[in-house]
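Report on one structure; see the data block that follows.
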């Protein structure tokens, strides 16, 4: 089935540790996105990528990094500089980058140990 | 003022009722609008796009009022399975496909 796969579903981070969240899509979508959602709040954009080998900061990029070496993959690294990483992380993709709906993976829940 | 504002609810309605949600947005340059549904602890799923002329999909009707900068979602004949949080989503005008998500309106349909 075509879709967006995020892994792992649950992740625990120790103090001072970097962790990487995986996002893979087989929809042949050009654009991919990372959001975080805190309890009771809306989604906030961390990073986005319109095309392979290109990515841009979103609204809350500090403490995060991404790469887009392949069209189907857009991993997110939560670095130790992100002081409040506990959240629900959602990856999305869209066909293009102009007024298109975005489709989401089923998310990764990150918690601090 | 938030870019996209929604009444968080919850809206508690009996099965079979008609319920309507509104959403206001601040960026007059926004061109695309969507309603997403999010179940508890799950990812958002696209419910429907919102077109200028209004559009309907089964029991769901979406309307756009550009002059007043609000979007509405009407659900007729509510089902228990409609219980979820409904997210109003607005494209950021000239920023292409960057979307702004409202905080969501929670709907609970009771038997």
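Within the stretch A:93-104, count every residue that is more than 9 Å from chain B (Cβ to nearest Cβ) and part of a strand (DSSP E or B).
At the first step, the residues of the stretch A:93-104 found to be more than 9 Å from chain B (Cβ to nearest Cβ) are A:93, A:95.
Okay, now just the ones that are also part of a strand (DSSP E or B), so A:93.
Within the stretch A:93-104, residues that are more than 9 Å from chain B (Cβ to nearest Cβ) and part of a strand (DSSP E or B) number 1.
Do we find that residue A:17 is within 14 Å of chain B (Cβ to nearest Cβ), closer than 19 Å to residue A:87 by Cα, assigned to a loop (DSSP other than H, G, I, E, B) and modelled with pLDDT under 95 in this structure? Before you say what the answer is, go through the steps one by one.
Details: within 14 Å of chain B (Cβ to nearest Cβ): no; closer than 19 Å to residue A:87 by Cα: yes; assigned to a loop (DSSP other than H, G, I, E, B): yes; modelled with pLDDT under 95: yes.
Answer is no for this residue.
Could you please let me know if residue B:99 is buried (at least 18 other Cβ atoms within 10 Å of the Cβ), within 14 Å of chain A (Cβ to nearest Cβ) and more than 23 Å from residue B:13 (Cα to Cα)?
Values: buried (at least 18 other Cβ atoms within 10 Å of the Cβ): yes; within 14 Å of chain A (Cβ to nearest Cβ): yes; more than 23 Å from residue B:13 (Cα to Cα): yes.
For residue B:99, the condition - buried (at least 18 other Cβ atoms within 10 Å of the Cβ), within 14 Å of chain A (Cβ to nearest Cβ) and more than 23 Å from residue B:13 (Cα to Cα) - is met.
Look at residue A:57 and say whether it is farther than 28 Å from residue B:85 by Cβ, touching a strand residue (DSSP E or B) at 6+ places or on another chain (Cβ under 9 Å) and either within 14 Å of another protein chain (Cβ to nearest Cβ) or touching a residue at least 40 places away in the same chain (Cβ under 8 Å) (or both). Reasoning before the result, please.
Details: farther than 28 Å from residue B:85 by Cβ: no; touching a strand residue (DSSP E or B) at 6+ places or on another chain (Cβ under 9 Å): yes; either within 14 Å of another protein chain (Cβ to nearest Cβ) or touching a residue at least 40 places away in the same chain (Cβ under 8 Å) (or both): yes.
For residue A:57, the condition - farther than 28 Å from residue B:85 by Cβ, touching a strand residue (DSSP E or B) at 6+ places or on another chain (Cβ under 9 Å) and either within 14 Å of another protein chain (Cβ to nearest Cβ) or touching a residue at least 40 places away in the same chain (Cβ under 8 Å) (or both) - is not met.
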Q | Number of positions in the stretch B:29-77 that are over 16 Å from residue B:104 (Cβ atoms), within 14 Å of chain A (Cβ to nearest Cβ) and in a loop (DSSP other than H, G, I, E, B) | A | 6
Q. If only one of A:65, A:80 is modelled with pLDDT under 95, farther than 27 Å from residue B:30 by Cα and either surrounded by 13 or more Cβ atoms within 10 Å (Cβ to Cβ) or touching a strand residue (DSSP E or B) at 6+ places or on another chain (Cβ under 6 Å) (or both), which one is it?
A. A:80
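Looking at the structure I just gave you, is residue A:95 in contact (Cβ under 8 Å) with a residue 60 or more places away in the chain and surrounded by 13 or more Cβ atoms within 10 Å (Cβ to Cβ)? Walk me through it before giving the result.
Values: in contact (Cβ under 8 Å) with a residue 60 or more places away in the chain: yes; surrounded by 13 or more Cβ atoms within 10 Å (Cβ to Cβ): yes.
Yes, satisfied.
So that you can scan it fast, the table gives a plain yes or no per residue for (1) more than 13 Å from chain B (Cβ to nearest Cβ); (2) without any contact (Cβ under 8 Å) to a residue 24 or more places away in the chain; (3) surrounded by 13 or more Cβ atoms within 10 Å (Cβ to Cβ); (4) within 14 Å of the chain's Cα centre (by Cα):
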residue: A:3; (1), (2), (3), (4): no, no, yes, no
residue: A:6; (1), (2), (3), (4): no, no, yes, yes
residue: A:22; (1), (2), (3), (4): yes, no, yes, yes
residue: A:70; (1), (2), (3), (4): yes, yes, no, no
residue: A:73; (1), (2), (3), (4): yes, no, yes, yes
residue: A:88; (1), (2), (3), (4): no, no, yes, yes
residue: A:91; (1), (2), (3), (4): no, no, yes, yes
Q. Would you call residue B:81 within 27 Å of residue A:5 (Cα to Cα) and either more than 14 Å from chain A (Cβ to nearest Cβ) or touching a helix residue (DSSP H, G or I) at 6+ places or on another chain (Cβ under 6 Å) (or both)?
A. yes
**Q.** Residue list for the stretch A:8-17, restricted to those being in contact with a strand residue (DSSP E or B) (Cβ under 8 Å, 6 or more places away or on another chain) and surrounded by 13 or more Cβ atoms within 10 Å (Cβ to Cβ)
**A.** A:11, A:12, A:13
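The values are calculated or read from the model by the stated rules, or taken from the named source; none is laboratory data. Please read all numbers here as calculations on a predicted model, not as lab measurements. As a convention, Cβ positions derive from the backbone with ideal geometry for all residues, glycine included, and neighbour counts pool all protein chains shown.
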